[in-house]
Structure formats: structure tokens, C-alpha cells
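As C-alpha cells, the structure follows; a few thoughts come after it.
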Protein chains: 2
Amino acid sequence: MPRPLIDLLWRDRPGATAGGSRGPRARYSTGDVVSRAIALADEGGLAAVTVRALAQSLELTAMSVYTHVNSRDDLLVLMADHAHGQMTTTPFGRSTWRTRVRRLAEDNLALLRDHPWLLGIDDPRTALGPGTIAKYDHELHAFDGTSISDIRRDAALTFVLDFVRSTAARTVMTPATGDFGELWEQSVDRLAGYLGDDFALAQRVGRAAGEAMGGPHDAERAWQFGLTRVIAGLGDLDSR
Amino acid sequence: MPRPLIDLLWRDRPGATAGGSRGPRARYSTGDVVSRAIALADEGGLAAVTVRALAQSLELTAMSVYTHVNSRDDLLVLMADHAHGQMTTTPFGRSTWRTRVRRLAEDNLALLRDHPWLLGIDDPRTALGPGTIAKYDHELHAFDGTSISDIRRDAALTFVLDFVRSTAARTVMTPATGDFGELWEQSVDRLAGYLGDDFALAQRVGRAAGEAMGGPHDAERAWQFGLTRVIAGLGDLDSR
DNA sequence: GTAAACCCTGTACAACGTACAGTACCGTCT
DNA sequence: AGACGGTACTGTACGTTGTACAGGGTTTAC
């Protein structure tokens, strides 16, 4: 049985509890396995990351995967932490916390665009990994120079990241999510019949929002709308 | 085969396309099936809503469920829409949009507390249902009296609801989510060993946030923090 | 040289969603 | 009255999933 998850997460860091040295050499390192899994996920979404598919992609049998990883859930945590560790972060430089938060949000959006499957991983154990902790540390520094308390600093960061995640979930096209446009055109007739004149406001706003959604830069506009509101909501951190 | 999803969603509304009248009477109505499914989900989470379990709970065979519903995914949409339709909404009265948004957010949090499994349903087709549309309509009215545009009205509502959903996802105890406290105490030692003195800021803030998380009213505090920021972020809708 | 630890394989199981074929029932049409 | 056809339901079965379990071969530690 492989080492416990925490040790796998920290496998490359100095001081890592190494695996025993006896027995045949493994054909793949843990990192290899995680990388292949990520490649599969980038291509076909989380659903494509089955133990069997991963095994085949490594030219192993299904059960051999469990030599490197304790369970599929653990694998997902390793994937997420790896992605967090590889994330490209725009350096903050000497900017204000507002532009830092903006960059941070944009970086995270890019991350979720590159790896939409991250939206499907919601395991709290991810927070134990070095990549995730490094990311957390870096992003907390966005609020340096303000007089925000530690607890609120954490809350503020969570607030920003939650916004990014929500928006990405709606924007990003997961392989699982079929095109909503098709669905819409397909059912709008019958829906109109049912609706009649009820819910006038919903119909008016829904139509406006729906039409804009087809437009060229709507996703971008929704993003800017929200991000502006997030930053405005954080208010004047400097004087508090 | 049952009627298509849209017709099932609108089954109780006047003008609904009724099912054919021939054949034996069904032992259960669509509403019965959906209600039983919701009961299962309330008890054991979405994972407990298997076709077989639902069938057993109705004293049917597994395949008979498909007489009432086209697929499990459709069933989930029906469940979500039903929950949205049953949602208790605090009337807005004559209050300002700020307190309306606050109530709206609180109502939605309560909804997600009562039915945590809603967090696991992310099907856009839910938006086609009468319950969801009624909810949408009602919540859009929160911004009545302001001069906000239709598109921004939709964006603002989405912004609020996304915040609620994110916070609920972290707060609410899903049956799937084991207690994070256990996990933490179990791995904090080894983690401390790996961390050493690196990521000082993350460690300090994480400790502060972690300790507060054990505290009695932390979830409440995080909620208030975020909600205040959401409303502040929306700014002065009256003059725009 | 022996024993322990390790990588890897093959077989197998339980649970899942659901396709397909068939049976009993019932309103509708001839 | 009788045939038709749509409906509710059942039973069997298939493919896919994660993974438990029992070995077999290989390498290192003692």
C-alpha cells in the first residue's frame, strides 16, 4: 500500500518520508501518475479520469494504479494540488491591494480555464498540499500593507476566490456541460406556451440576459461586473 | 416513455400537456416520485438517491422508475425545481433594496441548509422549471425601485446567489463531507513537520482562521462578513 | 541465504444507470 | 363487441465504475 496522502502530497519536498527501498523499482513515480491523470482530465474532463483509463494510459493494469495512489479520491487531491503548484502567478510588485486582488482573480480564472476539472474537485484535504498552501500564502500577501486582521484577511481571500470559482463554473465549458444554447432554442417554444404572461419581470430580464449571453463579450462583461463589485465590496481596507 | 422533461416540470400548471389516458392507472404521480426522491436526499444526500433505492422506497422495481422519469439526471432537475417552488420566501414589503437582498440571501441560505443536496445539482435545465422561474422572478423584484438595467439586474442577482451558494457549500455539512476537524487534528502533526518555517503568513493566518473555525459563531461571522461585502459591492444602485 | 518489503497482475464483486423484451391493463376506435 | 395501441410495470441483462483479495516476481536488508 502506498504512503498516506499527506506524505504523497509532500513527496518532493525535502524531509519527505521516502518510500521503502526494497522491492523492484517502480516504473513510474507518483508525479508521473499524477501528470498522466491531469493530461487525461485536461482532454476529457474528470469523467475521463477513471482508474482503468489511467492504467491503460500508463500501460499498467487497473489495480497497479493502486500501487501509487490509495484511491481515486486521493488521486484527485494530488491532481488539484499539483495544478495549484504549477499555477502561474503574476507577481504583485508594488501595486495597491486593489490591483493585486484583480491580478489574483485573473490568475485564478486562467487556472480554472486551463483546468476546468478543478471545478469538480471539492475535497478539503487539498488544503493540506504544498502547492495549495504555497498558493494560499502568495495570495494572502495581496493584502499586505493594509491593516486587515488575520481572520478577515482569510475571509477576504475566500470571498474573492469563491467569486472566481462561481463565475468560472458558469463561463467555462466543461466537456460534461452541453451547449446551453442548443437546449434553449430547443425548448423555448414550449416554455413560452407555458409561461404566457406570468412572471413578466423574469421574462423581460431573462430575455435581456439571454440575448446578451449570445453576444460576443458577455462572459467578459459579467466577469468585470462581478470583479468590480467584489473589490468595491472589500471597501477601504487601508483604513480599518 | 414518459413525457419530455419540460412537460414534466410544468405538469401541475394549467395548460400542461397531459399524459395519454390509456393504460392502467399509475400507482404514483410524478409528484409522488419526486417527493420520495427528495425525502431520500434530505436523509442521505444525493448519493442516496439511486434509481434502485428510490424504486424500493416506492415498492417498485428499478426499471419502473423510468415510467415516471426519463433518467436520473432529469429526476434531479425535477427535485431541484420542486425545492425551489416550495421555498419559503420572506416578503419584501416596503424595505430598501439592501435589506431585500439581505432577506433574499438569508432565504437562500436556509433553503440550502434544508436541502444540502441542491449544492450537488448543477444542471442548467433547472432554469426551465416553474419553481425556479418563480423564484427568479421574485428575487429580481428585490431591485425594484432602483434604476438598474435589466442585464445588470440579472448579473447582480447572480452575484448574490453565487455568494450564498459558495458560503453554503463551505458551511453546510453534507453527509458526504466528513468532519473537517477530525481530518485536521489527525494530520496537523505531520503537516507541521513538513511546513517548518516556510509560508509564515499562511501558517499564521491559517492558524487564526482555523481556531476561529472551531469557535461558536464563526460560520455566522463569515456569512455576515461576506454578505456585508456583497451588499457594499453593489454600491448605490439607486443613483445609476 | 533467508526474510521482508515492494511492484505488479488476474480475478472477482458490488453498485451503478439503463437498454430491451415481455406482460397485464385500459381507454378508444371500428 | 372486438381489435388496436398506448401505458404501467416486471425481469433479465449489459457495460462501467471503484476496489478488495490473493498471489508472483524482484529487489534490498539482515
For this session: Quick one: in segment B:192-234, of everything that is at pLDDT 90 or above and in a loop (DSSP other than H, G, I, E, B), which residue is farthest from the other protein chains (Cβ to nearest Cβ)?
Result: B:D197
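Looking for whichever is touching an Asp or Glu at 6+ places or on another chain (Cβ under 6 Å) and not assigned by TED's automatic domain parsing to the domain that holds A:L128 here; the options are A:L58, A:L9. Which one fits?
Details: A:L58 fails: touching an Asp or Glu at 6+ places or on another chain (Cβ under 6 Å).
Exactly one of A:L58, A:L9 is touching an Asp or Glu at 6+ places or on another chain (Cβ under 6 Å) and not assigned by TED's automatic domain parsing to the domain that holds A:L128, namely A:L9.
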Exercise. Would you call A:R3 within 14 Å of chain B (Cβ to nearest Cβ), within 11 Å of DNA strand C (Cβ to nearest atom), basic (K, R) and touching a residue at least 12 places away in the same chain (Cβ under 8 Å)?
Worked result: yes
For this session: Among the candidates A:T67, A:T90, single out the residue that is more than 8 Å from DNA strand D (Cβ to nearest atom) and under 18 Å from A:L112 (Cβ atoms).
Result: A:T90
Exercise. Given the residues A:A219, A:A208, which is the only one that is assigned by TED's automatic domain parsing to the domain that holds A:T158, in contact (Cβ under 8 Å) with a residue 12 or more places away in the chain and under 30 Å from B:G226 (Cα atoms)?
Worked result: A:A219
Exercise. What number goes with the only condition from (1) surrounded by 17 or more Cβ atoms within 10 Å (Cβ to Cβ); (2) touching a helix residue (DSSP H, G or I) at 6+ places or on another chain (Cβ under 8 Å) that A:R3 does not pass?
Worked result: (2)
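Any residue at all in segment A:33-53 that is under 20 Å from A:I121 (Cβ atoms), small (G, A, S), not in a helix (DSSP H, G or I) and not assigned by TED's automatic domain parsing to the domain that holds A:A127? It would help to see each step written out before you state the result.
So the first thing to find is which residues in segment A:33-53 are under 20 Å from A:I121 (Cβ atoms), and the list is A:33-53.
Next cut, small (G, A, S) only: A:35, A:37, A:39, A:41, A:44-45, A:47-48, A:53.
Pick out the ones that are also not in a helix (DSSP H, G or I) and you get A:45.
Right, trim to not assigned by TED's automatic domain parsing to the domain that holds A:A127 and you get A:45.
Looking for residues that are under 20 Å from A:I121 (Cβ atoms), small (G, A, S), not in a helix (DSSP H, G or I) and not assigned by TED's automatic domain parsing to the domain that holds A:A127, one finds at least one in segment A:33-53, hence yes.
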Exercise. Taking the condition farther than 21 Å from A:R125 by Cβ, among the charged types (D, E, K, R) and more than 16 Å from DNA strand D (Cβ to nearest atom), does A:D107 pass?
Worked result: yes
Exercise. Applying the selection to segment B:145-169, what residues are under 13 Å from A:A209 (Cβ atoms), surrounded by 19 or more Cβ atoms within 10 Å (Cβ to Cβ) and acidic (D, E)?
Worked result: B:D154
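Filtering segment A:70-87 down to residues that are among the hydrophobic types (A, V, I, L, M, F, W, C) and more than 14 Å from chain B (Cβ to nearest Cβ), which residue is nearest to DNA strand D (Cβ to nearest atom)? Explain how you work it out, then say what you get.
Filtering segment A:70-87 down to residues among the hydrophobic types (A, V, I, L, M, F, W, C) leaves A:75-80, A:83, A:87.
Going one step further and asking which of them are more than 14 Å from chain B (Cβ to nearest Cβ), we end up with A:75, A:78-80, A:83, A:87.
On the way: A:L75: 8, A:L78: 13, A:M79: 13, A:A80: 16, A:A83: 18, A:M87: 25 Å.
In this case the residue turns out to be A:L75.
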Exercise. Going by the conditions given, is B:R113 under 21 Å from B:V230 (Cα atoms), in contact with an Asp or Glu (Cβ under 9 Å, 6 or more places away or on another chain) and not assigned by TED's automatic domain parsing to the domain that holds B:V51?
Worked result: no
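Name every residue in segment A:6-44 that is within 14 Å of another protein chain (Cβ to nearest Cβ), out of contact with any helix residue (DSSP H, G or I) (no Cβ under 8 Å at 6 or more places or on another chain) and more than 9 Å from DNA strand C (Cβ to nearest atom), in order of residue number. Before you say what the answer is, go through the steps one by one.
The initial filter retains those residues of segment A:6-44 that are within 14 Å of another protein chain (Cβ to nearest Cβ), namely A:6-18.
Now restrict to residues that are out of contact with any helix residue (DSSP H, G or I) (no Cβ under 8 Å at 6 or more places or on another chain): A:14, A:18.
The one that is within 14 Å of another protein chain (Cβ to nearest Cβ), out of contact with any helix residue (DSSP H, G or I) (no Cβ under 8 Å at 6 or more places or on another chain) and more than 9 Å from DNA strand C (Cβ to nearest atom): A:P14.
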Problem set entry | Criterion: basic (K, R), more than 14 Å from chain B (Cβ to nearest Cβ) and either closer than 16 Å to B:F199 by Cα or within 22 Å of the chain's Cα centre (by Cα) (or both) - qualifying residue of A:R153, A:R94, A:R103 | A:R103
For this session: Any chance you could count how many residues in segment B:171-191 are at the interface with chain A (Cβ under 8 Å from one of its Cβ atoms) and at pLDDT 85 or above?
Result: 2
Problem set entry | Flag for A:R52 being more than 30 Å from A:H141 (Cβ to Cβ), modelled with pLDDT of 95 or more and within 13 Å of DNA strand D (Cβ to nearest atom) | yes
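The values are calculated or read from the model by the stated rules, or taken from the named source; none is laboratory data. Being a predicted model, the structure only gives us computed values, none of them experimental. Glycine also receives a Cβ, built like all others from the backbone with ideal geometry; neighbour counts cover every protein chain displayed.
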